[in-house]
Amino acid sequence: MVELKSPAEIARMRVAGRFVAGVLAELRERARVGVNLLELEAHVRERIRERGAQSCYWDYAPSFGRGPFRNTVCLSVNDAVLHGLPFDYALRDGDVLSMDLAVGIEGWVADSATTVVVGSAAAEDVRLVRAAEEALAAAIAVAVPGNHIGDISAAIAAVAREYGYPVNTEFGGHGLGRTMHEDPHVPNKGRPGRGYRLRPGLTIAIEPWFARTTDRIVTDPDGWTIRSADGSRTAHSEHTVAITPDGPQVLTAA
């Protein structure tokens, strides 16, 4: 069931969104050559504790994972793109790091993701990250009342097609608000004019992600970390967006 939020409830989600955006900005600065993924996890854990917030990942145990998840942020390196478990790994020059954070504050949730290239950036990796960011921007632009989920999905797929990247449809965006995952599902590929009609009060996480040369994925033995099936590099970009009469509001804007 899709729950539409009031302006007051959206304002409360924005509080969580600003916190998530701030922590992700800190992680972008901290993601340097030699920094261990566990250091980044520890930083997020401390920031959540200081704020009196709640991690949406801690103890998360969906049907597709090998739960419960025992970290506060997803950190996915190179060919890993989603649900990456932080582990004892020091970042290397040229690594591509995707960071996905969902936090609840006083009962309301926000979710966002960003991808950075650590140290020296290869042109093909910069291009991949840019594609994910442009797809997110294109999807947000059509997230207006009267459009459909399919318009968002088609906007993402159009950018992928322009860049020549395949699109996986197993994992995509989702509704959120009181919990991290609510209806509706927001695929990264679809047909304009199809699916749920966007209405004021709808809050969704839009999250395009691409692998350079495949739309197939595999899961690590840890039961969580999702990688491109052919080992090609990946990028992931996500914002929490509210549909309003005045247009889309990005609740996780930096």
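The values are calculated or read from the model by the stated rules, or taken from the named source; none is laboratory data. These numbers were taken from a predicted model, which means no experiment stands behind them. No Cβ is skipped: glycine too gets one built from the backbone with ideal geometry, and neighbour counts run over all protein chains shown. When the accessible area is computed, the model is the full protein with side chains, heavy atoms only, and any ligands, DNA or RNA have been set aside. Shrake-Rupley method; radii C 1.70, N 1.55, O 1.52, S 1.80 Å.
Values as computed for the structure displayed
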quantity	calculated
Calculated FRET value between Arg199 and Thr169, using beta carbons and R₀ = 35 Å, to 0.05	0.90
Positive minus negative residues near Gly104 (Lys, Arg vs Asp, Glu; Cβ under 11 Å)	+1
Added length on full extension, which subtracts the Cα-Cα distance from 0.36 nm per residue, Val218 to Asp246	6.0 nm
q = 0.18, 0.19, 0.34 Å⁻¹, region 152-197: log10 I(q)/I(0) [Debye, one scatterer per Cα]	-0.57, -0.62, -1.20
Between region 178-211 and region 132-170, the Cα center-to-center distance that results, in Å	10 Å
Chymotrypsin sites (Phe, Trp or Tyr not before Pro), loop per DSSP, at most 15 other Cβ atoms within 10 Å - longest free stretch of the chain	90-254
Accessible surface of the chain, 1.4 Å probe, proportion on carbon and sulfur as whole %	50 percent
More than 22 Å apart - percent of Cα-Cα pairs taken over region 119-254	36 percent
Residue-span extension gain [Ala121 to Arg30] - 0.36 nm each, minus C-alpha spacing	31.1 nm
Inter-probe distance in nm under a simple model that places probes 7 Å from Cα toward Cβ, at Arg92 and Glu46	2.8 nm
When the convex hull of its Cα atoms is projected in every direction, mean area for the chain (nm²)	12.1 nm²
Accessible area of Ser153 in the full protein assembly, 1.4 Å probe (Å², nearest 10)	0 Å²
Label point distance in nm, Ala141-Phe64, each placed 7 Å from Cα along Cα→Cβ	2.8 nm
Ranking by accessible area, most exposed first, for His236, His181, His148 with a 1.4 Å probe	His181, His148, His236
Distance between modelled label sites at Val15 and Glu162, nm, 7 Å Cα→Cβ extension	3.8 nm
In Å, descending, principal axis extents of the Cα set of region 207-254	43, 24, 18
Förster-model FRET efficiency, 41 Å R0, Glu3 and Ala254, C-beta, rounded to 0.05	0.95
Long-range HN-HN contacts of Val103 with modeled amide H, under 5 Å	Cys56, Ala110
Whole-number accessible area per residue in Å² for region 130-254, which is evaluated in the context of all protein chains at 1.4 Å	40 Å²
Karplus-derived 3J(HN,Hα), 6.51/-1.76/1.60, for each residue of region 244-254, Hz, glycine and proline x	10, x, 8, x, x, 10, 8, 7, 10, 5, 5
